[in-house]
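One structure is given below, encoded as structure tokens.
The values are calculated or read from the model by the stated rules, or taken from the named source; none is laboratory data. Note that this is a predicted model, so its numbers are computed, not measured. Here the Cβ is made from the backbone with ideal geometry for all residues, glycine too, and neighbour counts use every protein chain on show.
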Amino acid sequence: MRMLLIGAPGAGKGTQAELIATRFGITHISSGDLLRTHVNEGTAIGRQAKEYLARGDLVPDAVVMDMLRKPTVAATASGGYVLDGFPRTVDQAKAAYETARGLGVAVEVAVYLEVRPAELTRRLLARGRGQDDTPDVIEHRLEVFEAKTRPMLDYYQEREELITVNGARPVNEVAWSITVQLQQLARRSQRAGA
């Protein structure tokens, strides 16, 4: 299973990705965690990404796709992946699909964690990781999500399966809802293939 989690900052993508990875025995790949690791280690990718992250802007596509190539290929070979944090725009999704399709690692299903902006802001302020979780940067990040990432929902609805889940509920309820819908999707796929 190769899946993508879509949600605004603070929607719970990382938490749900870990639960899904454990439940289905696949690898959790977080573009944000990978970027932070590269920044902390001062790699070439990290140096390129640092200034974008500090402003709350999106890191250029080529940088992120280069960073994700090896982890997605390795995860696919070991059973699949759940990816959170990338792609974040329709153009990124299209470019990622072309690259991933050529490698045999393209996303099969997208899951959208839907959470209202007020709840997202509350969560991000409570999390308070540092300079990227100030009120001004949070507001900018949510605006970037609405303008650039939300349009991806239509893209994935047309190209793959898109599952929408109320991400404002308690963590275990969200995980249960995702699991049930993924199992229903798997049963439909098996019937179609039979």
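Taking the stated definitions as given, is residue 72 touching a helix residue (DSSP H, G or I) at 6+ places or on another chain (Cβ under 7 Å) and surrounded by 18 or more Cβ atoms within 10 Å (Cβ to Cβ)? When the stated conditions are applied, residue 72 passes them. I'm checking my understanding of the structure. Among residues of the range 129-150 that are under 12 Å from residue 57 (Cα atoms) and acidic (Asp, Glu), which one is modelled with the lowest pLDDT? By that ranking, first place goes to 132.
Among the residues of the range 45-57, is any touching a strand residue (DSSP E or B) at 6+ places or on another chain (Cβ under 9 Å) and among the aromatic types (Phe, Trp, Tyr)? No, the range 45-57 contains no residue that is touching a strand residue (DSSP E or B) at 6+ places or on another chain (Cβ under 9 Å) and among the aromatic types (Phe, Trp, Tyr).
Kindly evaluate residue 26 against the criterion of being of a type in the set (A, V, I, L, M), surrounded by 19 or more Cβ atoms within 10 Å (Cβ to Cβ), touching a Gly at 6+ places or on another chain (Cβ under 8 Å) and farther than 23 Å from residue 90 by Cβ. So residue 26 passes the test. Only a single criterion out of (1) closer than 23 Å to residue 69 by Cα; (2) in contact (Cβ under 8 Å) with a residue 24 or more places away in the chain is not satisfied by residue 98, namely (2).
Pairs linking a residue in the range 179-191 that is closer than 17 Å to residue 5 by Cα to a residue that is among the charged types (D, E, K, R) and not in a helix (DSSP H, G or I), with Cβ atoms under 8 Å and 6 or more positions apart or on different chains, are 185/161. Within the range 75-121, restricting attention to residues that are farther than 25 Å from residue 175 by Cα and acidic (Asp, Glu), the residue that is surrounded by the most Cβ atoms within 10 Å (Cβ to Cβ) is 91.
Which of the residues that make up the range 151-175 are modelled with pLDDT of 95 or more, surrounded by fewer than 15 Cβ atoms within 10 Å (Cβ to Cβ), of a type outside the set (S, T, N, Q) and part of a helix (DSSP H, G or I)? Result: 171, 173.
Of the helices (runs of 4 or more DSSP H) lying entirely inside the range 1-85, the ones with 2 or more residues being without any contact (Cβ under 8 Å) to a residue 12 or more places away in the chain and over 24 Å from residue 127 (Cβ atoms) are found at 44-55, 61-77. Residues in the range 57-73 that are touching a Ser or Thr at 6+ places or on another chain (Cβ under 9 Å) and not β-branched (Val, Ile, Thr): 58, 61, 65, 67, 68, 69, 71. Figure legend. Inter-residue proximity from the range 147-166: first residues within 17 Å of residue 91 (Cβ to Cβ), second residues surrounded by 15 or more Cβ atoms within 10 Å (Cβ to Cβ) and hydroxyl-bearing (Ser, Thr, Tyr), beta-carbon distance below 6 Å, spacing 6+ or different chains. Indicated pairs: 148/89; 153/112.
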